[in-house]
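Structure record follows, encoded as C-alpha cells.
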Amino acid sequence: MIIENAAFPAGQHCETTTLGALLRHEGLDLSEPMLFGLGEGLGFVYWDAKGMDFPFLGGRTKPATITRTVADRLGLALHIQETASPRKAWQNVAAALTAGRPVGLQLDCYHLEYFTAKVHFGGHFVAMYGYDDTHAYLIDTAQQGGAVATTLASLARARNERGPMTARNLSYTIASPTGRPDLGDAIRAAIRINAHAFLNPPIANLGHSGIAKAARQVARWLDRSNDPSLDLPLAASLMERGGTGGALFRAMYRDFLAECATIVDDDNLRLGHQLYAEIAPLWTEVAHHITAAGEAGVPDHLTRASAILTELADRERHAMQILIGIRTD
C-alpha cells in the first residue's frame, strides 16, 4: 500500500516536515517557516529535571502543539488517535492509508533503523505514506534522508516506547477545509498570541525569563557535567542541528516573519523581522561557545555564552513587545 507523490522536500524540523507532507497531499502547499510561525512554535525552555544527565535548551513549544495550532488556525480537520494497543495502533494507520491519506506519527526515533544517532527522543514525528510486507515508508527531515524506510517491527517499537515526551502510539490525519482561510488574519493572530505567550511565561524556565535563567546557569556547565567533552557539544548541536533550522528555531522564525511581510503590510511586523534577523546569529554564536567550552574545558567560553544569553533575553523581549503590537486588520 503506497500513496504516490507524498513529499516535503528539504524539511528541517520533524513536526513541520510531517505537517507539510500531510498538507501538501491535501493541496495546501505552505513553506516550513510559515507552518512553524502559524503554529505559534517559537518559545524557550531551560529544562534540568531531577534525573537528567545534563540540562536541555529548547526553542519551541511542546510536541504536537504546532500541528494542533495550525489546524485550528487554518480550519483544518485534524483527526488524532492514541491507543495502548500496538495492534489497534497499526489498524489505525492502515485504515488511513487505505483511505488514501498519509499519516502523521509521533514516536521515539531511537528505534528507527535509518537513524545513525541512537538517542532516545520520544517527541519525533514522521509522515507515513505506505508499507509492504516488511517495511514502512516514511517522510522525515532532509537531515535524516527525506523519503526513508524502516522495518515494521522497528516502527512498532518506536511508536510503543514509553518515557519522556512519548505518546501512546499517536497517529493523525488532516483534511483541508472546503474554503481557504484568510492567511493575513491567521498570520496576525499567530504572531500576537505567540508573542503574548513568550512575554508572559507561567514559570521562570520559559520564554524570555527562561533565557535569562539559562544565562545564569550556563556559566556553571563545566561543573554540572560529568563529561563536558560529550555533554556540551551535544547540547550545542541540538541548538544548531537538532531539527531547529539553526539558531534554536530563531532562523526559522526570522524566515517566517520575512514571508509574512510580503503578505501583511505592518511596520511592527517589518521591525520584528529586522530584530530577529539580528537575534538569530547570536544563538549560533552561543552554540559555538558552548561547543568550544566542552572541547577545550575553558570556562571563558561559557562566560561569553552567558553574556550573550543575557543580551538575548533583553533582545527577544523587546522584539516580542514590538510584534505583539501588530495591527488586527
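Of note:
- When residues of the stretch 1-31 are limited to those that are surrounded by fewer than 20 Cβ atoms within 10 Å (Cβ to Cβ) and either in contact with a Ser or Thr (Cβ under 9 Å, 6 or more places away or on another chain) or of a type in the set (S, T, N, Q) (or both), the one nearest to Ala142 (Cα to Cα): Ala10
- When residues of the stretch 170-207 are limited to those that are touching a strand residue (DSSP E or B) at 6+ places or on another chain (Cβ under 8 Å) and buried (at least 21 other Cβ atoms within 10 Å of the Cβ), the one farthest from Cys260 (Cα to Cα): Ser171
- Looking only at the stretch 261-289, and only at residues there that are assigned to a helix (DSSP H, G or I) and of a type in the set (Asp, Glu), the one that is farthest from Arg315 (Cα to Cα): Asp267
- Listed by position, the helices (runs of 4 or more DSSP H) contained in the stretch 27-144 that have at least 2 residues being not assigned by TED's automatic domain parsing to the domain that holds Leu155 are 32-38, 65-74.
- Test: Asp300 is modelled with pLDDT of 95 or more, assigned to a helix (DSSP H, G or I) and farther than 22 Å from Asp185 by Cβ: yes
- Candidates Gly123, Gly75, Gly100, filtered to the one that is within 19 Å of Gly11 (Cβ to Cβ) and either in contact with a helix residue (DSSP H, G or I) (Cβ under 7 Å, 6 or more places away or on another chain) or in contact (Cβ under 8 Å) with a residue 60 or more places away in the chain (or both): Gly123
- Tyr114 surrounded by 19 or more Cβ atoms within 10 Å (Cβ to Cβ) and more than 19 Å from the chain's Cα centre (by Cα): no
The values are calculated or read from the model by the stated rules, or taken from the named source; none is laboratory data. All values reported here derive from a predicted model rather than from experimental measurement. Here Cβ is always computed from backbone atoms with ideal geometry, including for glycine, and neighbour counts include all displayed protein chains.
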